[in-house]
Amino acid sequence: MKNLKKRVLILGGYGTFGSRIARLLGSDSDSELQLIIAGHDKFKAELCASQLPNFAEGLRLERDAVNLAAQLKALHLDLLIHCAGPFQHQDYRVARACIEAHTPYIDIADGRRFVCDFQRLSPAAEAAGVPLVSGASSLPALSSAVLRELRDKFAELESVDISIAPAHRIERGLATVRAGFESLGDSFPQLQEGQWRETYAGNHLRRLRLAHPVGERWLCDFDVPDLELWPRALPGLKNARFATGVEPRALQLGLVLCAQLARQPLPFNKLQLSKLGYRLAAHWPGGSGHGGMLIHLGGTDRNGQPLGYRWQALGLNGDGPWIPAAPAAAMARKILRGEWNRAGAQACWQLLSLDEILRELTRFSVVTAVERLE
């Protein structure tokens, strides 16, 4: 008798990243998964489900529903993937509902407090016997996989500098734009020369050059879980920085100006600003379909000599958004195959190898390279 298909619900499954995770998981012609695309808009959920290569369901499911746990129990799920962001000011009600429903859980959160405090759910998750994993995206899943790949090359690792420069000509959801705009001007601590110093989202405009055809980009400080997770894992770390930005340059300069305005005592509605930013980003001329991610690691070798490595991933021709979707798909496969069943709640920190993530991206215009810096 053939085994029943594993039931996987993707909450926010018709969004920018949720829909890509669905396509990654549902791409196999002999898929043993039953995907359920869910969100507050049933029409969009059913439309997304109908466009997948294998049969999938679409249903209306509110992340804020008071009876969410009961609804999850009734669906008899093997896994829930939470993509209904933004996560910066979201609570853990979806994860708690999964604990109550005894349903394994993954999310793609990149909010610092959301991911870094996620382990608080661990006692309840352990008691329920379910694994909960937060941050299965570019940060910290992919970034920590790069660390896992390169760590043994260093005797001492002293600095990490992570940059993400997304393409302009890509699909982007309102939740993604909101996550950026609503944090503009917000202060956060960043490790500099061994000391925690305050900066803010939109500060320190600087230039970065990635490999061709991405080229030069202008970026600024933003708060991400890695700024806390890397120093936790590496007590000898002295510097941890993260920067991101948009293109064209004029749009990035406008973002920096918005950050400065947000720090002034003005009647400022960030939600309205994020909606305006969403419309501007969608219609602003120029830019390209190429983006990239760069991680620079610095320290010393076993002879005490300076050593550096630079890892890059380029998403070309509009395929960049597949990169943050890949870790969630890879983590889902591990849980569904029984390769990861550790009960508890934790960040997606070095739970995946770099190969496991990149394997999800072989069909897309994504190239990676690592370079040793003397």
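Of the residues in segment 27-50, how many are under 20 Å from ALA332 (Cα atoms) and either in a strand (DSSP E or B) or open to solvent by 60 Å² or more (accessible area, probe 1.4 Å) (or both)? Going through segment 27-50 one residue at a time, the tally reaches 11. Mind listing just one residue for me: the one in segment 87-98 that is open to solvent by 20 Å² or more (accessible area, probe 1.4 Å) and in contact (Cβ under 8 Å) with a residue 24 or more places away in the chain and, of those, farthest from THR16 (Cα to Cα)? Within segment 87-98, the match that is farthest from THR16 (Cα to Cα) is ARG96.
Take LEU229 and decide whether it is more than 27 Å from LEU314 (Cβ to Cβ), modelled with pLDDT of 95 or more and among the aliphatic types (A, V, I, L, M). Outline the logic, then answer.
Working: more than 27 Å from LEU314 (Cβ to Cβ): no; modelled with pLDDT of 95 or more: yes; among the aliphatic types (A, V, I, L, M): yes.
No: the conditions fail for LEU229.
The criterion of at least 1 residues that are modelled with pLDDT of 95 or more, surrounded by fewer than 24 Cβ atoms within 10 Å (Cβ to Cβ) and at negative phi is met by the following helices (runs of 4 or more DSSP H) wholly inside segment 118-200: 122-128, 143-150.
Identify the residue in segment 101-117 that is assigned to a helix (DSSP H, G or I) and of a type in the set (A, V, I, L, M) and, among all such residues, is surrounded by the most Cβ atoms within 10 Å (Cβ to Cβ). Spell out the reasoning first.
Narrowing segment 101-117 to residues assigned to a helix (DSSP H, G or I): 101, 112-116.
After this cut, where a residue has to be of a type in the set (A, V, I, L, M) as well, the list is 101, 115.
Values: ALA101: 21, VAL115: 27.
Checking each candidate, the answer is VAL115.
Of everything in segment 51-63 that is in a loop (DSSP other than H, G, I, E, B) and closer than 12 Å to GLY39 by Cβ, the residue that is nearest to the chain's Cα centre (by Cα) is ARG63. Look at PHE87 and say whether it is among the aromatic types (Phe, Trp, Tyr) and closer than 17 Å to LYS5 by Cβ. Criteria not met by PHE87. Might you check whether a residue that is open to solvent by 10 Å² or more (accessible area, probe 1.4 Å), under 22 Å from ASP161 (Cβ atoms) and modelled with pLDDT of 95 or more occurs anywhere in segment 351-365? Looking through segment 351-365, at least one residue is open to solvent by 10 Å² or more (accessible area, probe 1.4 Å), under 22 Å from ASP161 (Cβ atoms) and modelled with pLDDT of 95 or more.
Based on what the data block shows, is LEU11 open to solvent by less than 20 Å² (accessible area, probe 1.4 Å), in contact with a His (Cβ under 6 Å, 6 or more places away or on another chain) and not polar (S, T, N, Q)? Yes.
The values are calculated or read from the model by the stated rules, or taken from the named source; none is laboratory data. For clarity, every value in this text was computed on a predicted model and none was experimentally measured. Methodologically, a virtual Cβ is constructed for each residue, glycine included, from the backbone with ideal geometry; neighbour enumeration extends over all protein chains shown. Calculation scope for accessible area: heavy atoms of the full protein, side chains included, ligands and nucleic acids excluded. Shrake-Rupley method; radii C 1.70, N 1.55, O 1.52, S 1.80 Å.
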